[in-house]
Amino acid sequence: MPNLKDLKNRISSVQSTRKITSAMKMVAASKLRRAQEQAEASGPYAERMGRMLSSLAANVQDSGNGPKLMTGTGADKVHLLVVISSDRGLCGAFNGSIVREAKRQITRLQGEGKTVKLLTVGRKGRDQLRREFASLIVESYEDVGRRRLGFSDADMVATKVLAMFDAGEFDVCSVIFNKFKSAISQIVTVQQLIPFAVPGEAAAATDEVKPLYEFEPDEEQILAELLPRNLSIQIYRALLESAASEQGARMTAMDNATRNAGDMINKLTITYNRTRQAYITKELIEIISGAEAL
Amino acid sequence: MADKVEFELVSPEKLLKSQPVDMVVVPGSEGDFGVLAGHSPMISTVRPGVIDVYEGDRVVDRVFVAGGFAEVTEARCTVLAEEAVALTELDRATVEKQIKDLSEDLDDSKSDAERAAAESRLAVARAKLDALTQTSAH
(Lines give C-alpha, C1' and ligand atoms only; values in the text may rest on other atoms or scores of the structure.)
Protein backbone atom coordinates (compact mmCIF):
# COMPACT_ATOMS: atom_id res chain seq x y z
CA MET A 1 0.00 0.00 0.00
CA PRO A 2 1.48 3.37 -0.99
CA ASN A 3 2.60 5.61 1.76
CA LEU A 4 0.22 8.50 2.49
CA LYS A 5 3.00 10.98 3.10
CA ASP A 6 4.74 10.22 -0.21
CA LEU A 7 1.50 10.72 -2.08
CA LYS A 8 0.94 14.02 -0.41
CA ASN A 9 4.41 15.20 -1.37
CA ARG A 10 3.93 14.18 -4.96
CA ILE A 11 0.63 15.99 -5.19
CA SER A 12 2.11 19.20 -3.90
CA SER A 13 5.11 18.95 -6.25
CA VAL A 14 2.86 18.44 -9.28
CA GLN A 15 0.76 21.35 -8.10
CA SER A 16 3.74 23.69 -8.11
CA THR A 17 4.76 22.44 -11.54
CA ARG A 18 1.30 23.26 -12.77
CA LYS A 19 1.59 26.75 -11.35
CA ILE A 20 4.83 27.31 -13.25
CA THR A 21 3.56 25.96 -16.55
CA SER A 22 0.37 27.96 -16.38
CA ALA A 23 2.35 31.11 -15.63
CA MET A 24 4.63 30.40 -18.58
CA LYS A 25 1.60 29.90 -20.76
CA MET A 26 0.25 33.29 -19.84
CA VAL A 27 3.58 34.98 -20.40
CA ALA A 28 3.85 33.32 -23.80
CA ALA A 29 0.34 34.44 -24.66
CA SER A 30 1.11 38.08 -23.98
CA LYS A 31 4.43 37.88 -25.82
CA LEU A 32 2.66 36.22 -28.71
CA ARG A 33 0.29 39.13 -28.98
CA ARG A 34 3.15 41.58 -29.07
CA ALA A 35 5.06 39.52 -31.62
CA GLN A 36 2.01 39.28 -33.83
CA GLU A 37 1.46 43.02 -33.70
CA GLN A 38 5.07 43.57 -34.67
CA ALA A 39 4.77 41.14 -37.54
CA GLU A 40 1.70 42.94 -38.80
CA ALA A 41 3.37 46.34 -38.46
CA SER A 42 6.14 45.29 -40.80
CA GLY A 43 3.62 44.34 -43.45
CA PRO A 44 3.19 47.72 -45.16
CA TYR A 45 6.90 48.23 -45.74
CA ALA A 46 7.39 44.79 -47.21
CA GLU A 47 4.31 45.16 -49.39
CA ARG A 48 5.41 48.52 -50.81
CA MET A 49 8.91 47.33 -51.32
CA GLY A 50 7.54 44.35 -53.23
CA ARG A 51 5.53 46.71 -55.40
CA MET A 52 8.53 48.87 -56.16
CA LEU A 53 10.69 45.85 -56.86
CA SER A 54 8.31 44.30 -59.31
CA SER A 55 7.94 47.51 -61.30
CA LEU A 56 11.70 47.98 -61.29
CA ALA A 57 12.41 44.40 -62.20
CA ALA A 58 10.03 44.59 -65.13
CA ASN A 59 12.11 47.45 -66.49
CA VAL A 60 15.49 45.94 -65.86
CA GLN A 61 14.71 42.47 -67.11
CA ASP A 62 13.96 43.98 -70.48
CA SER A 63 17.45 45.37 -70.67
CA GLY A 64 18.76 41.92 -69.83
CA ASN A 65 21.52 42.55 -67.33
CA GLY A 66 20.10 42.62 -63.81
CA PRO A 67 22.26 42.74 -60.73
CA LYS A 68 23.68 39.50 -59.36
CA LEU A 69 21.42 39.42 -56.34
CA MET A 70 18.53 38.88 -58.71
CA THR A 71 20.00 36.85 -61.52
CA GLY A 72 22.32 34.76 -59.37
CA THR A 73 25.95 33.98 -59.98
CA GLY A 74 25.11 31.61 -62.78
CA ALA A 75 26.42 28.70 -60.75
CA ASP A 76 24.50 26.45 -58.38
CA LYS A 77 27.22 24.78 -56.39
CA VAL A 78 27.38 26.26 -52.93
CA HIS A 79 24.21 26.68 -50.88
CA LEU A 80 23.91 28.79 -47.79
CA LEU A 81 21.11 27.88 -45.43
CA VAL A 82 20.02 30.39 -42.82
CA VAL A 83 18.35 28.40 -40.05
CA ILE A 84 16.22 30.38 -37.66
CA SER A 85 15.43 28.75 -34.33
CA SER A 86 14.86 29.99 -30.79
CA ASP A 87 17.22 30.64 -27.92
CA ARG A 88 15.10 28.92 -25.34
CA GLY A 89 13.49 25.54 -25.06
CA LEU A 90 10.15 24.44 -23.63
CA CYS A 91 8.31 25.25 -26.79
CA GLY A 92 7.17 21.88 -28.05
CA ALA A 93 8.28 20.72 -31.46
CA PHE A 94 9.30 24.24 -32.55
CA ASN A 95 13.05 23.73 -32.71
CA GLY A 96 12.82 20.04 -33.48
CA SER A 97 10.89 20.55 -36.67
CA ILE A 98 13.21 23.33 -37.86
CA VAL A 99 16.26 21.18 -37.29
CA ARG A 100 14.62 18.19 -38.96
CA GLU A 101 13.86 20.24 -42.06
CA ALA A 102 17.37 21.69 -42.06
CA LYS A 103 18.87 18.21 -41.91
CA ARG A 104 16.61 17.03 -44.70
CA GLN A 105 17.73 19.93 -46.89
CA ILE A 106 21.38 19.37 -46.08
CA THR A 107 21.21 15.68 -46.93
CA ARG A 108 19.30 16.40 -50.12
CA LEU A 109 21.75 19.06 -51.29
CA GLN A 110 24.77 17.01 -50.36
CA GLY A 111 23.23 14.07 -52.15
CA GLU A 112 23.13 16.22 -55.27
CA GLY A 113 26.81 16.85 -54.84
CA LYS A 114 26.52 20.42 -53.66
CA THR A 115 28.37 22.16 -50.90
CA VAL A 116 26.27 23.36 -47.98
CA LYS A 117 27.08 26.12 -45.56
CA LEU A 118 25.04 26.96 -42.50
CA LEU A 119 24.28 30.18 -40.73
CA THR A 120 22.25 29.70 -37.59
CA VAL A 121 20.18 32.16 -35.63
CA GLY A 122 19.20 31.01 -32.15
CA ARG A 123 20.97 28.82 -29.66
CA LYS A 124 18.78 25.72 -29.86
CA GLY A 125 19.14 25.17 -33.57
CA ARG A 126 22.86 25.72 -33.43
CA ASP A 127 23.33 23.23 -30.60
CA GLN A 128 21.38 20.52 -32.38
CA LEU A 129 22.98 21.05 -35.77
CA ARG A 130 26.45 21.23 -34.30
CA ARG A 131 26.29 17.59 -33.33
CA GLU A 132 26.21 16.41 -36.92
CA PHE A 133 27.26 19.32 -39.07
CA ALA A 134 29.68 21.32 -36.93
CA SER A 135 32.04 21.82 -39.86
CA LEU A 136 29.32 23.40 -42.03
CA ILE A 137 28.39 26.19 -39.64
CA VAL A 138 30.06 29.38 -40.76
CA GLU A 139 28.43 31.76 -38.35
CA SER A 140 25.87 31.65 -35.58
CA TYR A 141 23.96 34.32 -33.77
CA GLU A 142 22.42 34.12 -30.34
CA ASP A 143 20.19 36.38 -28.33
CA VAL A 144 18.85 38.00 -31.47
CA GLY A 145 16.10 40.36 -30.41
CA ARG A 146 16.09 39.16 -26.84
CA ARG A 147 14.28 42.22 -25.61
CA ARG A 148 12.52 43.32 -28.69
CA LEU A 149 13.30 42.27 -32.19
CA GLY A 150 14.46 45.30 -34.14
CA PHE A 151 15.21 45.85 -37.77
CA SER A 152 18.86 46.31 -36.85
CA ASP A 153 19.01 42.65 -35.78
CA ALA A 154 17.90 41.55 -39.21
CA ASP A 155 20.26 44.02 -40.80
CA MET A 156 23.16 42.48 -38.93
CA VAL A 157 22.38 39.05 -40.35
CA ALA A 158 21.75 40.44 -43.81
CA THR A 159 25.05 42.32 -43.81
CA LYS A 160 26.89 39.11 -43.05
CA VAL A 161 25.04 37.25 -45.80
CA LEU A 162 25.77 40.01 -48.29
CA ALA A 163 29.44 40.15 -47.35
CA MET A 164 29.67 36.42 -47.97
CA PHE A 165 27.84 36.73 -51.25
CA ASP A 166 30.10 39.51 -52.46
CA ALA A 167 33.10 37.42 -51.51
CA GLY A 168 31.67 34.66 -53.71
CA GLU A 169 31.34 32.21 -50.84
CA PHE A 170 27.99 30.86 -51.98
CA ASP A 171 25.66 30.87 -54.98
CA VAL A 172 22.22 30.28 -53.55
CA CYS A 173 20.85 31.35 -50.19
CA SER A 174 17.69 30.09 -48.53
CA VAL A 175 16.19 30.73 -45.15
CA ILE A 176 14.44 28.07 -43.08
CA PHE A 177 12.02 29.32 -40.50
CA ASN A 178 8.70 28.63 -38.82
CA LYS A 179 5.93 30.54 -40.50
CA PHE A 180 3.23 31.64 -38.14
CA LYS A 181 -0.16 30.29 -39.11
CA SER A 182 -1.96 30.30 -35.80
CA ALA A 183 -1.11 29.85 -32.15
CA ILE A 184 -1.42 26.10 -32.53
CA SER A 185 0.07 25.64 -35.93
CA GLN A 186 3.40 26.72 -37.36
CA ILE A 187 4.60 25.76 -40.79
CA VAL A 188 8.24 25.12 -41.49
CA THR A 189 9.03 27.17 -44.56
CA VAL A 190 12.01 27.23 -46.86
CA GLN A 191 12.33 30.50 -48.74
CA GLN A 192 14.93 31.34 -51.30
CA LEU A 193 16.58 34.72 -50.77
CA ILE A 194 19.37 34.83 -53.32
CA PRO A 195 18.85 34.92 -56.25
CA PHE A 196 15.71 36.78 -55.36
CA ALA A 197 12.58 35.73 -57.19
CA VAL A 198 10.64 38.86 -58.00
CA PRO A 199 6.94 38.62 -57.28
CA GLY A 200 5.41 37.42 -60.51
CA GLU A 201 3.81 39.56 -63.18
CA ALA A 202 0.48 37.93 -62.42
CA ALA A 203 0.35 39.60 -59.03
CA ALA A 204 1.29 42.95 -60.49
CA ALA A 205 -1.22 42.69 -63.32
CA THR A 206 -4.17 42.64 -60.93
CA ASP A 207 -3.22 46.12 -59.81
CA GLU A 208 -4.54 49.14 -61.64
CA VAL A 209 -2.85 50.03 -64.91
CA LYS A 210 0.82 50.07 -64.14
CA PRO A 211 2.20 53.58 -64.26
CA LEU A 212 5.37 54.16 -66.21
CA TYR A 213 7.89 55.31 -63.73
CA GLU A 214 10.74 57.68 -64.13
CA PHE A 215 13.81 56.65 -62.28
CA GLU A 216 16.25 58.81 -60.46
CA PRO A 217 19.09 57.78 -60.63
CA ASP A 218 18.70 55.01 -63.23
CA GLU A 219 16.95 51.67 -62.68
CA GLU A 220 20.08 49.63 -62.18
CA GLN A 221 21.44 51.86 -59.50
CA ILE A 222 18.18 51.91 -57.58
CA LEU A 223 17.84 48.19 -57.91
CA ALA A 224 21.39 47.74 -56.65
CA GLU A 225 20.40 49.58 -53.51
CA LEU A 226 16.94 48.16 -53.21
CA LEU A 227 17.93 44.50 -53.39
CA PRO A 228 20.21 44.41 -50.33
CA ARG A 229 17.52 46.28 -48.44
CA ASN A 230 14.99 43.77 -49.61
CA LEU A 231 17.20 40.99 -48.30
CA SER A 232 17.20 42.62 -44.85
CA ILE A 233 13.45 42.93 -45.04
CA GLN A 234 12.96 39.30 -45.98
CA ILE A 235 15.19 38.22 -43.11
CA TYR A 236 13.41 40.60 -40.77
CA ARG A 237 10.06 39.11 -41.77
CA ALA A 238 11.40 35.61 -41.23
CA LEU A 239 12.70 36.56 -37.78
CA LEU A 240 9.38 38.10 -36.85
CA GLU A 241 7.40 35.11 -38.07
CA SER A 242 9.73 32.85 -36.18
CA ALA A 243 9.40 34.89 -32.99
CA ALA A 244 5.62 34.78 -33.17
CA SER A 245 5.70 31.05 -33.92
CA GLU A 246 7.99 30.41 -30.99
CA GLN A 247 5.60 32.06 -28.57
CA GLY A 248 2.66 30.27 -30.14
CA ALA A 249 4.40 26.93 -29.86
CA ARG A 250 5.37 27.64 -26.29
CA MET A 251 1.85 28.64 -25.41
CA THR A 252 0.44 25.40 -26.79
CA ALA A 253 3.13 23.30 -25.16
CA MET A 254 2.57 24.94 -21.80
CA ASP A 255 -1.17 24.62 -22.14
CA ASN A 256 -0.77 20.89 -22.66
CA ALA A 257 1.63 20.63 -19.76
CA THR A 258 -0.80 22.45 -17.49
CA ARG A 259 -3.61 20.14 -18.53
CA ASN A 260 -1.48 17.05 -17.99
CA ALA A 261 -0.47 18.27 -14.56
CA GLY A 262 -4.16 18.77 -13.73
CA ASP A 263 -4.97 15.21 -14.82
CA MET A 264 -2.11 13.89 -12.78
CA ILE A 265 -3.23 15.78 -9.71
CA ASN A 266 -6.73 14.31 -10.05
CA LYS A 267 -5.38 10.80 -10.35
CA LEU A 268 -3.04 11.20 -7.42
CA THR A 269 -5.79 12.70 -5.28
CA ILE A 270 -8.04 9.74 -5.98
CA THR A 271 -5.28 7.32 -5.03
CA TYR A 272 -4.58 9.38 -1.94
CA ASN A 273 -8.22 9.32 -0.84
CA ARG A 274 -8.61 5.61 -1.51
CA THR A 275 -5.51 4.84 0.49
CA ARG A 276 -6.70 6.99 3.36
CA GLN A 277 -10.08 5.26 3.36
CA ALA A 278 -8.43 1.88 3.26
CA TYR A 279 -6.41 2.78 6.33
CA ILE A 280 -9.53 3.89 8.19
CA THR A 281 -11.44 0.78 7.21
CA LYS A 282 -8.57 -1.37 8.31
CA GLU A 283 -8.43 0.32 11.68
CA LEU A 284 -12.21 0.01 12.11
CA ILE A 285 -12.08 -3.71 11.32
CA GLU A 286 -9.35 -4.12 13.90
CA ILE A 287 -11.40 -2.34 16.56
CA ILE A 288 -14.61 -4.23 15.76
CA SER A 289 -12.97 -7.62 15.62
CA GLY A 290 -11.19 -6.77 18.87
CA ALA A 291 -14.52 -5.88 20.48
CA GLU A 292 -16.16 -9.07 19.16
CA ALA A 293 -13.43 -11.22 20.62
CA LEU A 294 -14.30 -9.99 24.09
CA MET B 1 -6.37 74.09 -52.09
CA ALA B 2 -7.14 71.72 -54.86
CA ASP B 3 -6.14 68.09 -54.80
CA LYS B 4 -4.11 66.53 -52.08
CA VAL B 5 -1.42 63.94 -52.31
CA GLU B 6 -1.52 60.87 -50.10
CA PHE B 7 1.73 60.87 -48.16
CA GLU B 8 2.96 57.64 -46.60
CA LEU B 9 6.07 57.24 -44.52
CA VAL B 10 6.96 53.63 -43.77
CA SER B 11 9.82 52.21 -41.75
CA PRO B 12 10.55 48.48 -41.61
CA GLU B 13 9.10 48.37 -38.15
CA LYS B 14 5.85 50.17 -38.82
CA LEU B 15 3.71 52.49 -40.89
CA LEU B 16 4.67 55.86 -39.44
CA LYS B 17 2.43 58.22 -41.30
CA SER B 18 -0.37 57.99 -43.77
CA GLN B 19 -2.22 61.21 -44.43
CA PRO B 20 -3.30 63.45 -47.27
CA VAL B 21 -1.12 66.55 -47.50
CA ASP B 22 -0.74 69.45 -49.88
CA MET B 23 2.92 68.97 -50.66
CA VAL B 24 5.95 67.05 -49.47
CA VAL B 25 9.57 67.87 -50.15
CA VAL B 26 11.72 64.76 -50.25
CA PRO B 27 15.53 64.82 -50.15
CA GLY B 28 16.26 62.70 -53.22
CA SER B 29 19.78 61.51 -53.82
CA GLU B 30 19.96 63.73 -56.91
CA GLY B 31 18.47 66.76 -55.21
CA ASP B 32 15.37 67.62 -53.25
CA PHE B 33 12.07 67.31 -55.02
CA GLY B 34 8.65 68.55 -54.10
CA VAL B 35 5.63 66.38 -54.73
CA LEU B 36 2.25 67.88 -55.45
CA ALA B 37 -0.86 66.07 -56.57
CA GLY B 38 -0.55 64.93 -60.17
CA HIS B 39 3.20 64.46 -60.06
CA SER B 40 4.48 62.17 -62.78
CA PRO B 41 5.25 58.66 -61.53
CA MET B 42 8.82 58.11 -60.42
CA ILE B 43 11.02 56.09 -58.14
CA SER B 44 14.02 57.63 -56.48
CA THR B 45 16.54 56.88 -53.82
CA VAL B 46 16.56 59.13 -50.78
CA ARG B 47 19.64 60.52 -49.09
CA PRO B 48 19.79 61.19 -45.35
CA GLY B 49 17.94 64.45 -44.79
CA VAL B 50 14.69 66.05 -43.82
CA ILE B 51 11.27 65.52 -45.33
CA ASP B 52 9.10 68.63 -45.14
CA VAL B 53 5.36 68.19 -45.06
CA TYR B 54 3.40 71.21 -46.26
CA GLU B 55 -0.15 72.11 -45.42
CA GLY B 56 -0.97 75.13 -47.54
CA ASP B 57 2.14 77.28 -47.51
CA ARG B 58 3.24 76.22 -44.07
CA VAL B 59 5.54 73.41 -43.05
CA VAL B 60 3.55 71.39 -40.55
CA ASP B 61 5.87 68.49 -40.05
CA ARG B 62 9.55 67.86 -40.47
CA VAL B 63 10.86 64.33 -40.30
CA PHE B 64 14.44 63.25 -40.49
CA VAL B 65 15.08 60.10 -42.54
CA ALA B 66 18.31 58.16 -42.74
CA GLY B 67 18.01 57.33 -46.40
CA GLY B 68 15.68 55.00 -48.22
CA PHE B 69 13.46 55.03 -51.29
CA ALA B 70 10.59 57.10 -52.53
CA GLU B 71 7.85 56.04 -54.89
CA VAL B 72 5.70 58.74 -56.38
CA THR B 73 2.51 58.25 -58.35
CA GLU B 74 -0.09 60.80 -59.35
CA ALA B 75 -2.06 60.46 -56.16
CA ARG B 76 0.48 59.10 -53.76
CA CYS B 77 3.95 59.59 -52.36
CA THR B 78 5.42 56.68 -50.46
CA VAL B 79 8.72 56.97 -48.65
CA LEU B 80 10.39 53.80 -47.45
CA ALA B 81 12.74 55.04 -44.77
CA GLU B 82 15.47 53.13 -43.04
CA GLU B 83 15.13 55.19 -39.93
CA ALA B 84 12.79 58.09 -39.32
CA VAL B 85 12.66 60.55 -36.43
CA ALA B 86 10.62 63.69 -36.03
CA LEU B 87 13.02 66.61 -36.09
CA THR B 88 11.69 67.91 -32.81
CA GLU B 89 12.79 64.70 -31.12
CA LEU B 90 16.39 65.09 -32.16
CA ASP B 91 18.71 66.53 -29.58
CA ARG B 92 21.80 68.42 -30.64
CA ALA B 93 24.00 67.23 -27.78
CA THR B 94 23.16 63.57 -28.42
CA VAL B 95 23.85 63.89 -32.10
CA GLU B 96 27.16 65.62 -31.50
CA LYS B 97 28.17 62.88 -29.12
CA GLN B 98 27.14 60.31 -31.72
CA ILE B 99 29.34 61.97 -34.30
CA LYS B 100 32.26 61.94 -31.92
CA ASP B 101 31.76 58.26 -31.08
CA LEU B 102 31.39 57.32 -34.70
CA SER B 103 34.52 59.20 -35.73
CA GLU B 104 36.39 57.18 -33.13
CA ASP B 105 34.82 54.01 -34.50
CA LEU B 106 36.00 55.02 -37.93
CA ASP B 107 39.55 55.43 -36.69
CA ASP B 108 39.40 52.09 -34.92
CA SER B 109 37.91 50.16 -37.80
CA LYS B 110 40.17 47.52 -39.24
CA SER B 111 38.55 45.97 -42.26
CA ASP B 112 37.12 47.76 -45.27
CA ALA B 113 33.63 46.55 -44.43
CA GLU B 114 33.83 48.00 -40.93
CA ARG B 115 35.15 51.24 -42.31
CA ALA B 116 32.34 51.50 -44.83
CA ALA B 117 29.71 50.78 -42.19
CA ALA B 118 31.14 53.40 -39.85
CA GLU B 119 31.37 55.91 -42.66
CA SER B 120 27.74 55.50 -43.67
CA ARG B 121 26.59 55.82 -40.06
CA LEU B 122 28.71 58.92 -39.68
CA ALA B 123 27.15 60.44 -42.79
CA VAL B 124 23.71 59.87 -41.28
CA ALA B 125 24.71 61.50 -38.01
CA ARG B 126 26.24 64.47 -39.86
CA ALA B 127 23.05 64.89 -41.86
CA LYS B 128 21.13 64.95 -38.58
CA LEU B 129 23.35 67.72 -37.30
CA ASP B 130 22.94 69.68 -40.53
CA ALA B 131 19.20 69.35 -40.24
CA LEU B 132 19.31 70.68 -36.72
CA THR B 133 21.55 73.57 -37.68
CA GLN B 134 19.18 74.55 -40.46
CA THR B 135 16.19 74.54 -38.17
CA SER B 136 17.79 76.70 -35.55
CA ALA B 137 18.86 79.17 -38.24
CA HIS B 138 15.25 79.66 -39.31
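Mind checking which pairs have a first residue in region A:157-174 that is polar (S, T, N, Q) and a second that is in a helix (DSSP H, G or I), Cβ under 9 Å, 6 or more apart or different chains? From residues that are polar (S, T, N, Q), the pairs are A:T159/A:P228; A:T159/A:S232; A:T159/B:A113; A:T159/B:A117; A:S174/A:Q105.
Do we have A:M52 as farther than 30 Å from A:R148 by Cβ, touching a Phe, Trp or Tyr at 6+ places or on another chain (Cβ under 8 Å) and assigned to a helix (DSSP H, G or I) here?
For A:M52, the condition - farther than 30 Å from A:R148 by Cβ, touching a Phe, Trp or Tyr at 6+ places or on another chain (Cβ under 8 Å) and assigned to a helix (DSSP H, G or I) - is not met.
Criterion applied to A:L212, A:L193 was being of a type in the set (A, V, I, L, M, F, W, C), in contact with a Cys (Cβ under 6 Å, 6 or more places away or on another chain) and either at pLDDT below 85 or assigned to a strand (DSSP E or B) (or both), and the one residue passing it is A:L193. Just one of the listed residues (A:I270, A:I222) is in a helix (DSSP H, G or I) and modelled with pLDDT under 90, namely A:I222. The set of residues in region B:4-21 that are touching a residue at least 24 places away in the same chain (Cβ under 8 Å) and within 15 Å of B:V63 (Cβ to Cβ) comprises B:F7, B:E8, B:L9, B:V10, B:S11, B:L16, B:K17, B:V21. Anything in region A:109-148 that is out of contact with any Phe, Trp or Tyr (no Cβ under 8 Å at 6 or more places or on another chain) and on the phi > 0 side of the Ramachandran plot? List them, or say none. Within region A:109-148, A:G113, A:D143, A:G145 meet the criteria. If only residues of region A:133-165 that are within 11 Å of chain B (Cβ to nearest Cβ) and in a loop (DSSP other than H, G, I, E, B) are counted, the one that is surrounded by the most Cβ atoms within 10 Å (Cβ to Cβ) is A:L149. Look at region A:134-156: where a residue is over 23 Å from B:A117 (Cα atoms) and a partner is of a type in the set (D, E) and part of a loop (DSSP other than H, G, I, E, B), sitting 6+ places away or on another chain with Cβ atoms under 9 Å, you get A:R146/A:D87. Listed by first and then second residue, the pairs with beta-carbon distance under 8 Å, at least 6 apart or on different chains, first residue in region B:32-50 and under 24 Å from B:T88 (Cβ atoms), second assigned to a loop (DSSP other than H, G, I, E, B), are B:V46/B:S29; B:R47/B:S29. For region B:81-119, a residue qualifies if it is part of a helix (DSSP H, G or I), within 14 Å of another protein chain (Cβ to nearest Cβ) and loosely packed, with under 13 Cβ neighbours inside 10 Å, and the qualifying residues are B:D112, B:A116. Take B:A75 and tell me if it is within 11 Å of chain A (Cβ to nearest Cβ), surrounded by fewer than 19 Cβ atoms within 10 Å (Cβ to Cβ), over 26 Å from A:S232 (Cα atoms) and of a type in the set (A, V, I, L, M). Taking the combined requirement at face value, the residue satisfies it. For region A:35-50, residues that are touching a residue at least 60 places away in the same chain (Cβ under 8 Å) and either surrounded by fewer than 21 Cβ atoms within 10 Å (Cβ to Cβ) or of a type in the set (S, T, N, Q) (or both) total 6. Every test in (1) at pLDDT 85 or above; (2) out of contact with any strand residue (DSSP E or B) (no Cβ under 7 Å at 6 or more places or on another chain) is passed by B:S29 save one, and that test is (2).
The residues in region A:97-132 that are exposed (fewer than 14 other Cβ atoms within 10 Å of the Cβ) and part of a helix (DSSP H, G or I) can be counted, and the count is 7.
Out of curiosity, is A:F177 at pLDDT below 90 and either under 26 Å from A:A58 (Cα atoms) or outside any loop (DSSP other than H, G, I, E, B) (or both)? When the stated conditions are applied, A:F177 does not pass them.
Selection of region B:1-56 for residues being facing chain A (nearest Cβ under 7 Å), in a strand (DSSP E or B) and farther than 26 Å from A:R237 by Cβ yields B:G28, B:M42.
The values are calculated or read from the model by the stated rules, or taken from the named source; none is laboratory data. Predicted model only: the values in this text are computed from it and were never measured. Quick reminder, even Gly has a Cβ in these numbers, built from the backbone with ideal geometry, and neighbours come from all protein chains shown.
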